[in-house]
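Following: one structure in structure tokens, then a few remarks.
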Amino acid sequence: MNYATSPVLALHLPLWRSRLLLVLIAGGFLVLAGRAVYLQGLNNDFLQQKGESRYSRVLEISANRGKITDRHGEALAISTPVKSVWAIPEEVQYSSRQRDKLAALLEMSPREIDKRLNDATGFVYLKRQIPPEVAERVSELRIAGLFQDREYRRYYPGGDVMAQVLGFTGADDVGQEGIELAFQSTLGGKSGSRRVIKDRLGQIVEDTESIREAQNGRDLVLALDARLQNLAFSQLKLAVNSSKAKAGAIVVLDAKTGEVLALANLPTYNPNNRSQLSGAQLRNRVITDTFEPGSTLKPFTVAAAIEQGKVTPATMIATAGGSMSIGRAVIHDAHRFGDMTVAQVIQRSSNVGAAKIALGLSAESMWAMFDEVGFGSPPRVGFPGEAAGKLRAYKTWRPIEQATMAYGHGISVSLLQLAHAYTIFAHDGELMPLSLLRVDTPPAGEQVISAATAHKLRDMLELAVQPGGTAPRARVMGYRVAGKTGTAHKEENGGYAEHKYVSSFVGLAPASDPRLVIAVMLDEPYAGSGQYYGGVVAAPVFSAVMGGALRMLGVPPDAPLKPLELPPEGSEIKESV
């Protein structure tokens, strides 16, 4: 081939083009080298972050929730270790056989597992709070992209007996109801975290650093006595079933310290299995529900009158005919007793007598008594949803309203408020502050009435449980008892239901030196038989619980240890409704 005559081979390119190409190639290498130096030497956070995302994980360390115990250290709520199974959907790799085994272990359908993984991005829980042994079998499947965390599940040894008091926690071990919610800041603690290195199967191969230490929650010691709680619950359950009541509630207070020793409600639920939970079961009726207390309010009207020197226990009250008219309204007694002493007004529960005593007082002084014992204000025990009740300003009272409030109509209270108010009769006129937590040093009470007036009321309340009173079924063998019955028509749709009642009893013992105050309430006991009065359905609950509690606490008897004769059924003096 003649190179000299070939036009292609004879072509000579300009020298500057080759040099320009060389410069461009060299410049490209310099740019790449500079970028590499920048990323790897000067600004390597981005690449480091991307690299660590492949193997580094920050794990949350759950704080162990504090346990709840009764006053003697018996566990009422404890946390047991469990596991949660979670996944990064993009990294999950399993065969159909592995998926079916996983579904069986987690008690889920394979379709549900597929749906959760397909619908989520980045992170998804497959199942929370599974037993450790199940979690171990899940690990043995060695499914890539599947991980586990340690958690705690709350367990309540007492089950339904203390459900509304303790409440429960949610899946994140945070209080949702009751004591668990009220004292979340004390019980909950603070979670910690640590950084670890995991392999592609999710197994931890190295623990690199602790970011934040977990702070466990503190234990909580309640004032409750588990023995008294079980006694109160069992007796309340018997009464609700035998009277066919819609619901019931009971509270036991230490008269000397104000501690809540027992508190039970029906209907109830099992906090360890809440699959069938309803709103009615959740309600702590002792604290959150209010009702018209009926005749249990009469002692406070009489106390106000005695304090002002208007009456004495021996003052005669004209109740002839068993009725009185105020305007167009008529107040009735269940029986016609004629003239009665003030002590007999309490003993026989006369509405007419209580109304006449009330109308001898100023509305302001009567309101002041109700206000000072806590009606119209929440009891401030720190429980979620505690009710304040209803106590209208005295300036709005009409004479008929003042008269009916004397025997517990036109005013509403919670059962806890009612029991709390009765501490003035048990503790020489002092209203004791309430506490759901154990009290090691008894607090000072607030003087509401004089000790002399408190003793007079105790004597009158003691007559009410003797033969000739409305509650002989409240007596306790070996102990002097003082108390008062209450029966009121139930409020419904802005009025009063004709055949629905709320029946109650509040009492204290031993009357010579009261140790306990117990209040019992039954909501809508069966009215068909006529045996719906507080002295018939609520007083026997008080008697059984008070007798058992005093013996458990070793309180010395203050009355003869001889069997008590109960009046024939239907022969009791019935309180006026």
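The values are calculated or read from the model by the stated rules, or taken from the named source; none is laboratory data. Keep in mind that what you see is a predicted model, and the values were worked out from it rather than measured. All Cβ positions, glycine included, derive from the backbone under ideal geometry; neighbour counts span all protein chains shown. Each accessible area value is taken on the protein alone, full model and side chains, heavy atoms only, with ligands, DNA and RNA left out. Shrake-Rupley method; radii C 1.70, N 1.55, O 1.52, S 1.80 Å.
The slack between residue 140 and residue 26, meaning 0.36 nm per residue of separation minus the straight C-alpha distance, is 35.5 nm. Ranking 279, 166, 518 by Cα position along the charge dipole of the chain, where only Lys, Arg, Asp and Glu carry charges on their C-beta atoms, puts 279 farthest toward the positive end. Between residue 395 and residue 551, the simple label model (points 7 Å from Cα in the Cβ direction) yields a spacing of 5.6 nm. Please work out whether the stretch 60-221 counts as rounded, prolate or oblate from its C-alpha gyration tensor, where a ≥ b ≥ c are the square roots of the eigenvalues and a/c under 1.5 means rounded, while otherwise a/b larger than b/c means prolate and anything else oblate? Prolate is the answer for the stretch 60-221, as a/c is 1.5 or above and a/b outweighs b/c.
Just by accessible area at a 1.4 angstrom probe, what is the order of 173, 219 from largest to smallest?
Output order, biggest surface exposure first: 219, 173.
Taking every DSSP beta bridge that has both ends in the chain, the antiparallel portion is near 95%. Positive-end ranking of 474, 241, 382 along the dipole of the stretch 226-553, with charges on Cβ about the Cα centre, is headed by 241. Each of residue 72 and residue 36 was given a label point 7 Å from its Cα along the Cα-to-Cβ line. The distance between the two points is 7.8 nm. Cα to Cα, under 29 Å, and not fewer than 8 places away if on the same chain: which lysines meet these conditions relative to residue 256? Output for residue 256: 67, 237, 298, 390, 456, 484, 562.
The heavy atoms of residue 335 offer some 60 square angstrom of accessible surface to a 1.4 angstrom probe. Taken per residue, the accessible surface of the chain reaches 47 Å², heavy atoms only and a 1.4 Å probe.
A simple charge model with +1 on the Cβ of Lys and Arg, -1 on the Cβ of Asp and Glu and nothing else charged puts the dipole of the chain at about 1260 debye relative to its Cα centre. Using the Cβ of residue 441 as centre and a radius below 15 Å, the other residues enclosed give a net charge of 0, where K and R count +1 and D and E count -1. Loop-located GluC sites (Glu not before Pro) across the stretch 139-181 with a Cβ neighbour count of 11 or fewer within 10 Å are 140, with loop assigned by DSSP.
Entry note, the chain: relative contact order of 13 percent, from Cα contacts under 8 Å with a spacing of 6+ residues. Residues 119, 149 ordered from highest to lowest accessible area at a 1.4 Å probe: 119, 149. The calculated 222 nm mean residue ellipticity attributable to helices in the chain amounts to -9000 deg cm²/dmol, summing -39500 (n - 2.57) over DSSP H runs of n ≥ 4 and dividing by all residues. All other residues whose Cβ lies under 12 angstrom from that of residue 461 are scored, Lys and Arg at +1 and Asp and Glu at -1, for a net of +3.
Looking at the square roots a ≥ b ≥ c of the eigenvalues of the Cα gyration tensor of the chain, which shape do they give, rounded for a/c under 1.5, prolate if a/b is larger than b/c, or oblate?
Numbers: a/c = 3.42, a/b = 3.00, b/c = 1.14.
Since a/c reaches 1.5 and a/b is larger than b/c, the shape of the chain is classed as prolate.
Rolling a 1.4 Å probe over the protein heavy atoms leaves residue 558 with an accessible area of roughly 40 Å².
How long is the gain from residue 274 to residue 359 if the chain were fully straight, where each residue apart is worth 0.36 nm and the alpha carbon distance is subtracted? Intermediate results must be reported in sequence, preceding the final value.
On the way: separation 85, 0.36 × 85 = 30.60 nm, distance 5.11 nm.
Using 0.36 nm per residue and subtracting the Cα-Cα distance, I get 25.5 nm.
The accessible surface of the chain, taken with every protein chain in place and a 1.4 Å probe, is 52 percent carbon and sulfur. In terms of accessible area, using a 1.4 Å probe and ignoring ligands and nucleic acids, 190, 484, 237, 127 rank largest first as 190, 237, 127, 484. Of the residues 189, 322, 132, the one whose Cα sits farthest towards the positive end of the charge dipole of the chain is 132 (charges of +1 on Lys and Arg Cβ, -1 on Asp and Glu Cβ, taken about the Cα centre). Within the assembled protein chains, the solvent-accessible surface assigned to residue 409 is about 30 Å², based on a 1.4 Å probe.
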